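Worksheet: the structure to be examined is printed underneath.
Read the figures in this text as sums done on the coordinates, not as results from a lab. The structure presented is a predicted model; accordingly, all values stated were derived computationally and were not measured. With ideal geometry, Cβ positions are generated from the backbone for all residues, glycine too; neighbour counts draw on all protein chains shown.
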Amino acid sequence: MVITQDFFTTFYICHRKAYLLKDQIQSSEGIEADYKGFRLIAFADEEREENGNKIFILRRMSKNVRERHIIESSFLYFVLHLRGEDAQVKIEFLKGEKLVKPRDEFISMMIDAMKEVFESPSDPKPSFGYECKECPFYKECLDLSQKEEDLSLINGVGDKRKKVLIKAGFKDVDSLSNASPYEISKYVGISLDEADSIVKQARSLKDHRPIMLKKVNLPYSDHEYFFDVEKDDEDLYLFGLLVDDTYHHFILSNDNWNEWFDFIKILSLYPNAPIYHYDRFDKDVMKKFGKISNTDLKFVFPRFVDLYSTVRNSVIMPVRFYSLKDVARSFGFNWRNKDFNGYNAMMALSKWREEGDYSVMEELLNYNEDDCRALKVLKEALVSMKNG
């Protein structure tokens, strides 16, 4: 069986996805070696010499070295080692280069795990991480887990905790929802507060309803802003703003300041109105543009209300992930294009930048407007829960 560098990384991230894709691997040209019945194929972007040493380079368009880059480069090093080549591997990223330390034992262990998984008569059970949201098998895995009430559905339960909980007799969502937080704390080795949160998460999933932890205090105003940002893979941004049920959008870049000042002008219309957003990214982007443009944003930042923090501190939701999509859908909101996501938005913005394709922009604007309207639905649902 052929194992390519990319496929190996896929297996590292998700055994199930790799298992479901294993018959689709196609052989390709690269740096090859045989190992334990597998044909390993690695790739490098450049080969060069430095101070008499042979260096293989992996180029990655990233500001920082990520774990998947370490895995890819370690796999390359492992294949080179099997071939008897005395060479080093470097990752070249946007901020510089990083020399990779050999991880032969880890790669060998992962290949043993691949052999065990691929020779199994049944496919691996789903487990969930944030990479899952962009996976073509996500819905299939979610449906299967919901059918079996698998512990993987519970936010805060990863593979390691799942194994410990099953060994302790908690085999599904129902059994965990009736557990004592003290027992869970003892078995898993976590704080009592964290154990209590996991039990309540299971109870919320079982009953298909939110559980209030404390009252939600949101500012009252006659006017409100709902703010959401999309970004391409470089430095182009789409700012979406819902004001008094009217949607506005702004295309911003480092060399286009007209729309930035139009955006600030709208925020100035109601200087005391709250600006609702979800998680820190939107606020961080505002800080960036404020700094670059030398705009005083003291009148803006005190008005920001992060609904992600509000939800996480106040409500247990019947969801696996606390993304805006998952949480807002729990309150009945639906996006016009249910298959469009943050990755699609990034790619659409990049395509518009490169090709000026306005049909792509139309779909992107619909998505961004829906994000803003989802924030409004979420805010109103939280207020309703507070009052009810």
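Spin-label model, E97/I13: points 7 Å from Cα along the beta carbon direction are separated by 2.7 nm.
Give the percent of DSSP beta bridges with both residues in the range 1-104 that are antiparallel, rounded to the nearest 5. Taking every DSSP beta bridge with both residues in the range 1-104, the antiparallel ones total about 60 percent. Shown for T310, T10: other C-beta atoms within 10 Å of each C-beta, ranked fewest to most, produce the order T310, T10. 3J(HN,Hα) couplings calculated from phi for the range 15-24 with the Karplus curve 6.51 cos²θ - 1.76 cosθ + 1.60 (θ = phi - 60°) are, in sequence order, 4, 5, 4, 4, 4, 6, 9, 4, 7, 9 Hz; Gly and Pro show x.
Distant-in-sequence amide contacts of K54, defined by a placed amide H-H separation under 5 Å and a gap of 5 or more residues or a different chain, comprise Q88.
Which entries in K133/K325; K54/K95; K36/K115; K214/K283; K139/K338 show an alpha-carbon gap greater than 18 Å? Beyond 18 Å: K54/K95; K214/K283. With the helix formula -39500 (n - 2.57) applied to DSSP H stretches of n ≥ 4, the chain reaches a computed 222 nm mean residue ellipticity of -14000 deg cm²/dmol.
Of all aspartates and glutamates in the structure, the ones whose alpha carbon falls short of 19 Å from that of K206, not counting any fewer than 8 places away in one chain, are D143, E148, E149, D150, D172, D174, E194, D196, D326. Dipole magnitude for the chain: computed about the Cα centre from +1 point charges on Lys and Arg Cβ and -1 point charges on Asp and Glu Cβ, it is near 1660 debye. Take every DSSP beta bridge whose two residues both sit in the chain; close to 70 percent of them are antiparallel. Positive end of the dipole of the chain (Cβ unit charges, origin at the Cα centre): among V100, A179, Y343, the Cα lying farthest that way belongs to A179.
A quarter of the convex hull surface defined by the alpha-carbon atoms of the chain gives 23.5 nm² as the mean projection. Loop-located GluC sites (Glu not before Pro) in the range 41-145 (DSSP state other than H, G, I, E, B) with a sparse environment of at most 14 neighbouring Cβ atoms within 10 Å: E85, E119.
Build a GNM of the chain with springs between Cα atoms under 10 Å apart, and of D306, D371, D112 the one that fluctuates most is D112. In plain terms, the C-alpha convex hull of the range 2-118 casts an average shadow of 7.3 nm² when viewed from every direction.
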